[in-house]
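Q: To start, I am sharing the structure in question, which I have written as structure tokens.
None of the figures in this text is laboratory data; all of them are computed from the coordinates on show. Quantities reported herein were computed from a predicted structural model and do not represent experimental measurements. Heads up, the Cβs are rebuilt from the backbone with ideal geometry, glycines too, and the neighbour counts pull from every protein chain shown.
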Amino acid sequence: VVDVCGVCGGDDSSCGDGGPHFVPAYLEYSDNPYLPMNITALSAVSDGIALETGDEIGIFDGDVCVGSGFVNGTIEAPSNMLAMVVSAQDGDTPGYTAGNSIIYRFWDASAQAEVASVEATYQEGFDDVFTNLGSAYVTLTGEGGGADDCPSGTYDCAGVCDGSAEVDECGVCGGGNS
């Protein structure tokens, strides 16, 4: 049953929260990531300003969102690092492919803008590509609100520039409305 806020099985209490911007594709199939890789952000800055509570970090393999994290306070090591989990592809369940490059995007909640140009600096001795059951510690620096990577600046719920995926009535990006 869909509540008045459009949430499957909801209790009419979440209207207006907007929901997450980055929705990992595997969540349509399972709440549990397959061969999860742990990625920990040591800091995250966009245009010289630290990400703040309400902002998000999306983790992508190409155009597929494979993980995300919600910022709660300034991300800084060692007191407030952001731990995120990504899921590998498993049959028809979308996810990362081991060995592929990790792509990051920011969602600036206050500006309602996606930053697609994010540079990653990895801590030595940890993974810097998608690795089954791997770990990465990363410092993220974003610039420009994504204009360089997406001329229109319009992203769908899966984070694809000018994409057509939509959040269904159950809150799943590209879901089957069930």
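Q: At 0.36 nm per residue, and after removing the present C-alpha to C-alpha distance, how many nm does the segment from Glu52 to Ala120 gain when stretched out fully?
A: Stretched fully, the Glu52-Ala120 segment lengthens by 22.7 nm.
Q: Determine, from the Cβ-Cβ distance of Val85 and Thr139 and an R0 of 22 Å, the FRET efficiency 1/(1 + (r/R0)^6), rounded to the nearest 0.05.
A: It comes out at approximately 0.70.
Q: If I model a spin label at Asn32 and Ser110 as a point 7 Å from the Cα along the Cα→Cβ vector, what separation in nanometres do I get?
A: Using points 7 Å along Cα→Cβ, the separation is 4.0 nm.
Q: At what distance in nm do the modelled label points of Asp162 and Asn132 sit from each other, each positioned 7 Å from its Cα along Cα→Cβ?
A: 3.7 nm
Q: Skipping prolines and chain starts, which residues have an amide H placed within reach, meaning under 5 Å, of the one on Val45, given they are 5 or more residues away or on another chain?
A: So Val45 has HN proximity to Leu51, Leu140, Thr141, Gly142.
Q: Along the charge dipole of segment 57-116, pointing to its positive end and built from +1/-1 on Cβ of Lys, Arg, Asp and Glu, which listed residue (Ala77, Trp107, Ile57) has its Cα farthest out?
A: Of the listed residues, the answer is Ala77.
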